[in-house]
Structures are given as C-alpha cells and as structure tokens.
Amino acid sequence: MNQFYSSQSSNKDKPAQNHDIIMKNRKTIEITGVKHVESFDHEEFLLETVQGYLAIKGVQLKMQNLNVEQGSVAIEGRIFEISYLDDQDGEASKGFFSKLFK
C-alpha cells in the first residue's frame, strides 16, 4: 500500500527542523523531523526525515497521529526494528530504490 504525505511548506525561511525519536515500551513511537511518509502498511513504515530515510518494522502497525505542518508522526503497534537507509561511507547519494534494494 503506497501512501504519500508531505510536510514541506512554501516558507523557505523556516529554520532547520530537529529530528527526534521517542519510543514507549516498543508499542508507540513518536518521530519528529518527518518530511514525507513514503509508504506504510501494518508491517512497515518508510519515512523520509531531515536526517535520511527511516524504516520502522513490526506487526499491527498503524498511524496514530500525523501532523504535516510540524513534520511529526506517531505510530503504534509492536515495533521490531528501526533503521536508517543511508550510507555513512561518504559515497555520493544514491537513489531511493537503490538504497532500499541493496
């Protein structure tokens, strides 16, 4: 299931947004600094954040809250994995799908 939500606004003077992750008992996760919700289903969320692409995996995942203006997302369910899908080796930036399907 592909969904797309964008938190980009036309205000270019806006300061750089912070990126925080708060997890409570592996059941709820709150994420700030979200630029796009690329896709989600009950087993995985793929988010573009100000720090790179973020994958959240688990079971019975559902979006509890989405605030597009503030760039925040809250997800609930049983969370198994949180990982960034970027290279920290200093390589040139690759496309989204090449990162996802390594």
Rounded to the nearest 10 Å², the accessible area of residue 62 using a 1.4 Å probe with every protein chain kept is 110 Å²
Here the gain from full extension of residue 84 to residue 44, 0.36 nm per residue of separation minus their alpha-carbon distance, amounts to 13.1 nm
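The values are calculated or read from the model by the stated rules, or taken from the named source; none is laboratory data. These numbers come from a predicted model, not from an experiment. Remember, those area values only see protein heavy atoms, side chains included, never the ligands or the DNA or RNA. Shrake-Rupley method; radii C 1.70, N 1.55, O 1.52, S 1.80 Å.
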